[in-house]
1. Among the residues of segment A:94-107, is there at least one that is within 25 Å of B:Asn120 (Cβ to Cβ), buried (at least 22 other Cβ atoms within 10 Å of the Cβ) and without any contact (Cβ under 8 Å) to a residue 40 or more places away in the chain?
2. Anything in segment A:10-53 that is open to solvent by less than 10 Å² (accessible area, probe 1.4 Å) and either part of a helix (DSSP H, G or I) or not aliphatic (A, V, I, L, M) (or both)? List them, or say none.
3. Just to be sure I understand the filter: pairs with C-beta atoms under 8 Å, separated by 6 or more residues or on different chains, first member in segment B:125-136 and over 16 Å from B:His75 (Cβ atoms), second member open to solvent by 50 Å² or more (accessible area, probe 1.4 Å) and part of a strand (DSSP E or B). Which pairs pass?
4. Out of all the residues in segment A:55-64, is one or more within 14 Å of another protein chain (Cβ to nearest Cβ) and either surrounded by 23 or more Cβ atoms within 10 Å (Cβ to Cβ) or within 24 Å of the chain's Cα centre (by Cα) (or both)?
5. Report the residue count in segment A:48-70 for those that are at pLDDT below 95, of a type outside the set (Ser, Thr, Tyr) and touching a helix residue (DSSP H, G or I) at 6+ places or on another chain (Cβ under 8 Å).
6. Hey, B:Val44 hits all of (1) on the phi > 0 side of the Ramachandran plot; (2) surrounded by 15 or more Cβ atoms within 10 Å (Cβ to Cβ) but one; which does it fall short on?
7. Does B:Leu130 satisfy being assigned to a strand (DSSP E or B) and at pLDDT 95 or above?
8. Given the conditions (1) closer than 27 Å to A:Ser244 by Cα; (2) aliphatic (A, V, I, L, M); (3) in contact with a strand residue (DSSP E or B) (Cβ under 7 Å, 6 or more places away or on another chain); (4) not in a loop (DSSP other than H, G, I, E, B), which single one is not true for A:Ile102?
Amino acid sequence: MKKDVISMHDLTLEDVQCYLKTAEKVEQIPLEERFRLLSGKIMASLFFEASTRTRLSFEAAMYRLGGNVIGFAEQGATSVSKGESFSDTIHTVESYSDVIVIRHPREGTARHAAQISFLPVINAGDGTNQHPTQTLLDLYTIKKNFNKIEGLRIAFVGDLKYSRTVHSLLQALMKFKVNEFMLVSPESLRLPEYLKKVNMGFPVTFVETKKLEDAIPYADIIYMTRIQRERFPDDIEYEKVKDSFCLNAQMLKAAPEGLKVLHPLPRVNEIAPDVDSTPHAEYFTQAKNGLIMRQAILLNIFEVAI
Amino acid sequence: MSDKKIQMIPKIRSGIVIDHIPAGDGVRILEILERDPRMKNIPVTFGMNYQSNKLGAKDMIKIQKDDLCERTIQHISLVSPGVTIKRIRDFEVVEKVSVQPPHDMINLLKCLNPGCITQNEPGLKSKFILTDPVQNQVTCVYCERVFSIHELSPII
């Protein structure tokens, strides 16, 4: 049976732990040895929506495992712009490749692709819904820093309404029995209620605040997010909230020594550049971990033993 | 004539009776029946707000047609879970079932999320899973949003 990576809902705790372990092993393999692992395989990289890190790290991950990449970085460069249906695009691409990585602005598109294709499909982000590979790399970053996940205190900051990385990570952390979260957002970008209603078999507490300062003494991890202009139906609504939170080095002086700041990137002005040189900044390492985790995912899909 | 006989709508020789409909839901079930092309020219009798020991007040529908299709029954179970469907032959009840929402709902409900792929890809059937039978909540298999069944429009 083919392996798809579509949603954190589909992955058990054991599946997630397996990905984390594989990533650890990948990191131990010298670069020149990694080159032989997926030689002859082709990855179709179908990005119907703009991306820098996710697309480049997937493509670099495949190249550095010895595989090749075909695909596109925007919908305008494809036959979709000529009116080709989504399913026709998938059926065409599957003749040329061994695995499909897809990002699309509509929620559920990766699930649909996985259902109609005989190839394994990896969801690289579907609208505001899921971004499971980002979640896996976030978990890997957390595990590397704290050597555990359960019991950590995590504050999510910014756009908690539209941010799929927040939605996916929150659900994954609950699998690790993390049961208390701080949510820092403007009123209009609060975490949707349906995400709080999940029945995990244990109580989950959400502490909601509008002040970023509340998170600094509270958290082991502050997970910052960008206010995403492209998700707003109305520019005026975006302007009202775009500068709601800005974390700077001065604010972090009150932080516990071990506090780590994560961000899925790109950032705009929610993290000041002076944070980059503090020991709390972990977001560039997080981006680097993306390549490792995506290699782990590809190796897992092709069942390559390492 | 007894009070009971005055109150009830006439018996039917054969057909389907939908009973134990919570008062008010009967109109929604009628809308479903009305949108089913197989119901054209079929006599239907509808009664509202009868006294009921179980529900306090109930609606009732009598249909002079031997069967309802599976899809119509599923739609009825979505708008009014727990109603009783009785099959009548020669004025006698020969079969009685209480209908509950199915676990998998394929192409029965329209996703409310405008960004969901099912709203944008021609020919793609919606699919919901009944994730909370107590609260009647369903999850869209595609966009993973959770809705109350009553929020969603039926696809007839």
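The values are calculated or read from the model by the stated rules, or taken from the named source; none is laboratory data. What you see is a predicted model, and the numbers here were worked out from it, not measured in a lab. FYI the Cβ positions are ideal-geometry reconstructions off the backbone, even for glycines, and counts take in every protein chain you see. Quick note on the areas: whole protein, heavy atoms, side chains included, nothing else; ligands and nucleic acids left out. Shrake-Rupley method; radii C 1.70, N 1.55, O 1.52, S 1.80 Å.
1. Taking every residue of segment A:94-107 in turn, at least one turns out to be within 25 Å of B:Asn120 (Cβ to Cβ), buried (at least 22 other Cβ atoms within 10 Å of the Cβ) and without any contact (Cβ under 8 Å) to a residue 40 or more places away in the chain.
2. Step one: filter segment A:10-53 for residues open to solvent by less than 10 Å² (accessible area, probe 1.4 Å), giving A:16, A:20, A:23, A:26, A:38, A:43-47.
Correct list: A:Val16, A:Leu20, A:Ala23, A:Val26, A:Ser45, A:Phe47.
3. B:Ile129/B:Asp104
4. The first filter runs over segment A:55-64 and keeps only residues within 14 Å of another protein chain (Cβ to nearest Cβ), leaving none.
Checked segment A:55-64: no residue is within 14 Å of another protein chain (Cβ to nearest Cβ) and either surrounded by 23 or more Cβ atoms within 10 Å (Cβ to Cβ) or within 24 Å of the chain's Cα centre (by Cα) (or both).
5. Number of matching residues: 3.
6. (1)
7. Numbers: assigned to a strand (DSSP E or B): yes; at pLDDT 95 or above: yes.
When the stated conditions are applied, B:Leu130 passes them.
8. Unmet for A:Ile102, out of (1) closer than 27 Å to A:Ser244 by Cα; (2) aliphatic (A, V, I, L, M); (3) in contact with a strand residue (DSSP E or B) (Cβ under 7 Å, 6 or more places away or on another chain); (4) not in a loop (DSSP other than H, G, I, E, B): (1).
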